[in-house]
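A.B. asks: My questions will all concern the structure given below.
Only the coordinates and a few stated rules stand behind these numbers; no lab work does. Fair warning: this is a prediction, and the values are worked out from it, not measured in the lab. Cβ sites come from the backbone with ideal geometry, for glycine too, and all protein chains shown count toward neighbours.
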Amino acid sequence: MRYAPQSTGYSRNAGTRWRGEDLARLRTLARDGAPVRLISLRLGRPDSAIRAKAGELGLTLSSAEPVIAPPPARTLTRTPRKGAMAAPQGDLFAHA
């Protein structure tokens, strides 16, 4: 009986032994300058396992710069923008 659909391209190898082809792929990706997260996804192993095995093999891994989200395009303020018509509304927090 099958519970999970067959994955295409991604295999979960966490906790399994490193095979020769995994080591070759790790060396190739590290030499090409791939970030740790990409190598982790390609090999199906945790980031910590990638760093540990690279350390054992004497490979240097590139660390990608953190991605910083741009500021929001719209902010929620009570003041209308210049040139925009403000709809008449009462004070939302006024007590009767």
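A.B. asks: So which residues in the stretch 37-55 are over 15 Å from Ala24 (Cβ atoms) and in a helix (DSSP H, G or I)?
C.D. replies: Those that are over 15 Å from Ala24 (Cβ atoms) and in a helix (DSSP H, G or I): Arg37, Leu38, Ser40, Leu41, Asp47, Ser48, Ala49, Arg51, Ala52, Gly55.
A.B. asks: Which of the residues belonging to the stretch 26-36 are part of a helix (DSSP H, G or I) and either touching a residue at least 60 places away in the same chain (Cβ under 8 Å) or surrounded by 15 or more Cβ atoms within 10 Å (Cβ to Cβ) (or both)?
C.D. replies: Listed by number, the residues that qualify are Leu26, Leu29, Ala30, Val36.
A.B. asks: If a residue has to be in contact (Cβ under 8 Å) with a residue 24 or more places away in the chain and not β-branched (Val, Ile, Thr) to count, how many in the stretch 39-67 make the cut?
C.D. replies: 14
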